[in-house]
Structure formats: C-alpha cells, structure tokens
Amino acid sequence: MMEDIVPSLLKKIKSEFEGARLDSEVLKDLLSKLHHNKASYLDANQYAIEIGEILSKALGASLTNETLPDGKMYYNIAQRVLMDVLGRNHELVSDYAEQVQKNLNSEARIGLTAQVPELNQDRIDGLVNRFSSEDNFEDVSWLLGEPIVNFTQSIIDDSIRKNAEFHAEVGLSPKIVRTTVGNCCKWCQKLAGSYVYPNVPHDVYRRHQNCRCIVNYKTSDGKRQNIWTKRIVKPVNSDIIEMRKNLNLKVNYDTSRYPHNADGTVKVSRIVERKIPADVSPFEVIDVVNNDGVVSRTFIDEYGRRGMRIDTSDHKQPKYHPMGAHKHIMEYDDEGNYVTDGKPLVLSPNDRKENKDIL
C-alpha cells in the first residue's frame, strides 16, 4: 500500500508558512495599521499579496519531483493540500478585509454589517485539475508561483465586490476604482477607472495570471449624519425639495425593495407590542400588535428611518379617517430631520395586495 504523504507534506508546508508569516515585517506593519483602524483596502491588497507570496514559497520548498510519488502531483494530493492551505489563506485575508470594511462603514457612519466572501471553490478546483493533468510535476510547478498569489489577491476583490453590491442593494452608491500596476496589458488598461454603482462592469473584479492591478472600494459619498437624530441622511437635490414642497404630499412609497412572500405579501421582519423599537435596520418591516391583532405595519427605509406606516383601522376617528384602513408616508426635510407622518392616504390596490394578511 502506498504511504499517505499528505499529512507530512502539510505539516512541513504549514510550519514553513506560519514561521515566515510571523516573521514578515510587511505583515507586522499592515497588522499594526489594522489594529489602529488606519488600514484601507489598498493595505488589504498588499496584505493578500504578501500572504500569497509566503504560501507560494512554502509550497515550492515542499512540493518537488522528489517529494511526490513518481514525480507527479496526483489529484488526491493536490486536492487535499490546496484545500487546506488555500482555505487558510482565505481565512486570514478575508478576516483582514472584513475588519477594513467594518472601519470604513464606521467612518462613513453606515450601520451595515461587513460582508465576508465565500471561499472560491471553483478557482481551487481549477488549480487542482491543472496540477493533476500532467505526469511530470515539473511541467506544472509554475502553478506554485503567481497563480497562488493571484488566488489570494482575488479574495480582496471578492470582498470588495460583495460589500459594494450589498451597499448598492440597500440604496447606497459605492464607488469602485481599478488602478493599473506596471506595464499592464490592454485589457487591464481598458478596465482602469472609477465606477459608481449600478454602472460597474462585471469584469472590473476579474484578474488574469500575473495581474497585479488594484481594485479599491470607496463607501458611498454624499451621505452625512445629522448630529441630533443620529440618523444617516442623504442630501437631496434642491429641485426635488422644491417639487416636494409644491406637491406637499407623497402618495406612493416603493415597497418593491422589500422581501416578499410567495403569495405576494411583504415579509415581516419582526412583531412588537406598543411601539417601534429603536434598534431598527434598513428595509425592515415591523408589525405592531395588541390584543386585537396587528395595529400597524411600518416599513423602515434605506436610512433606518420610518418610511411608511399602514394602519389597519380608523383609530375610532372616522371623521379624520373615513377610508378606514389607511397609510401614512413619513416626511423628512433635506437634512433628514423628521417633519411629519403626513396626511392619511387611501390604500392603493397594490397596498392591499401586499398587506392582505393584515387588512
């Protein structure tokens, strides 16, 4: 029976890797910046490159024609080794990127959770298949170099993409900046530039072998926080403000942005008694109940404010609410300060369809 060499290979690779990682002055400096909340995605990119290069050297020192059976990287060996070590790289780099994103969100006063990308299994499978495709390991040993660094650097790209798309989904306008490094190819030159969601090309996150282009992320500018309400607000165009003053009333509220059930009704985030709690999140739907059932349903907007409320009765005041069940669309000034609940409005057919479970 052939000896299982993977445990001993992994032990040696991990020892080489961890030793070099702990000794790296580059990583020490970058971790210090992270600890002091001064790290950016540019630092995260540098961190990923350094981690990738350290792993590349550790793999190169342990995987050779002499250490592999018959001088070949068999599929089973490649799969077990790469899943382990590249999984470790993903853990280290995504942790660094997550903390960078948390700091960026905090600085921008955006109360959103930092998103962590999943391990890119397809990329690992591609490397495994390529390693095991040749009978002579020397013919594929180059894969231990730049492709390992490229894989590790792509973890930052995936982190940026996931967080930018998440921010865009809740109504923000994040900016992606791709910068070329060195004498890059024409393909990379064409992708270089600044892009604001939703006008971001899919290829902006892609990188070919030996590509060291930098993808950077900037949280949505044009957002500020009112010092009294502590709510994140977004400047509104002066023409829009004037239009709203002239109309004096909004009759529609976009509920298509909220999750829905299979029957078309909106998906309720939670049910509370008496009043809306303070710890709300963007795009929550909250039902307030009493002994008689649901009293009201409130839609939290993208800034964590009350956007619209549907009341299920006339509050025993038919003079002011002759339509019975009705809705209120909250009004805020251009600084994001609450103004009024607005006038009671007749429910539209769509309102009744989406909230038929309480009407």
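Values quoted throughout were computed directly from the atomic coordinates according to the rules given, and no laboratory measurement underlies them. Worth saying up front: this structure is predicted, and the values here are computed from it rather than measured. Cβ coordinates were reconstructed from backbone atoms using ideal geometry, including for glycine residues, and neighbour counts include every protein chain displayed.
Pop a pseudo-label 7 angstrom from the Cα along the beta-carbon direction at both Glu91 and His202 and give the gap in nm to one decimal.
Using points 7 Å along Cα→Cβ, the separation is 3.3 nm.
Subtract the Cα-Cα distance of Met83 and Lys28 from 0.36 nm times their separation in residues, and report this length gain in nm to one decimal.
On the way: separation 55, 0.36 × 55 = 19.80 nm, distance 2.58 nm.
17.2 nm is the gain from fully extending Met83 to Lys28.
Distance in nm between label sites at Arg270 and Lys57, each 7 Å beyond Cα in the beta-carbon direction?
Once both label points are built, they end up 4.9 nm from each other.
Helix 25-35 versus the longest principal axis of the chain: what angle, 0 to 90°, nearest 10, using Cα atoms?
Long axis of 25-35 versus the principal axis of the chain: about 10 degrees.
Roughly how big is the range 6-221's charge dipole about its Cα centre, with Cβ charges of +1 (Lys, Arg) and -1 (Asp, Glu), in debye to the nearest 20?
On the way: 25 positive and 29 negative charges, 127 e Å.
In total the dipole reaches around 600 debye.
At 10 °C and 1.306 mPa s, what whole-number value in µm²/s does Stokes-Einstein give for the translational diffusion of the chain, with Rh from the Kirkwood sum over Cα pairs?
Working: Rh = 24.2 Å.
Estimated diffusion coefficient is 66 µm²/s.
Within a Cβ distance under 13 Å of Arg212, other residues only, what is the Lys/Arg minus Asp/Glu net charge?
Numbers: positive: Arg178, Arg207; negative: Glu50, Glu53, Glu146, Asp157.
Net charge in that neighbourhood comes out at -2.
So if a site counts as exposed when it's one of the GluC sites (Glu not before Pro), its DSSP state isn't H, G, I, E or B, and it has at most 16 other Cβ atoms within 10 Å, what's the longest stretch of the chain without one? It would help to have the intermediate numbers written out before the result.
Values: sites that count: Glu3, Glu66, Glu118, Glu134, Glu302, Glu335.
Excluding the exposed sites themselves, the longest stretch runs over 135-301.
Specify whether the C-alpha gyration tensor of the range 91-138 places it in the rounded, prolate or oblate class, a ≥ b ≥ c being the square roots of the eigenvalues: rounded for a/c under 1.5, otherwise prolate if a/b is larger than b/c and oblate if not. Mind showing how you got there, number by number?
Working: a/c = 6.53, a/b = 3.91, b/c = 1.67.
Judged from the Cα gyration tensor, the range 91-138 comes out prolate (a/c at least 1.5, a/b above b/c).
Compute the helix-to-body angle for 238-247: its Cα long axis versus the longest principal axis of the chain, expressed 0 to 90° and rounded to tens.
Between helix and principal axis, roughly 30 degrees.
Would you be so kind as to identify which of Ile110, Met308, Ser40 lies farthest towards the positive end of the dipole of the chain, taking Lys and Arg as +1 and Asp and Glu as -1 on Cβ and the Cα centre as origin?
Met308
Taking the Cα centre of the chain as the origin and placing charges on Cβ (Lys, Arg +1; Asp, Glu -1), which of Gly52, Ile214, Ile176 is farthest toward the positive end of the dipole?
Working it through, the farthest residue towards the positive pole turns out to be Ile176.
Which residue, chosen from Leu144, Gln79, Cys188, occupies the Cα position most advanced towards the positive end of the dipole of the chain, where the dipole is computed from +1 (Lys, Arg) and -1 (Asp, Glu) charges on Cβ about the Cα centre?
Of Leu144, Gln79, Cys188, it is Cys188.
Across all directions of projection, what mean area in square nanometres is found for the Cα convex hull of the range 16-62? Show your work: numbers first, answer last.
Numbers: hull surface 11.8 nm².
Directional mean of the projected Cα hull area for the range 16-62 stands at 3.0 nm².
Relative to the longest principal axis of the chain, what angle (0 to 90°, nearest 10) does the C-alpha long axis of helix 75-107 take?
40
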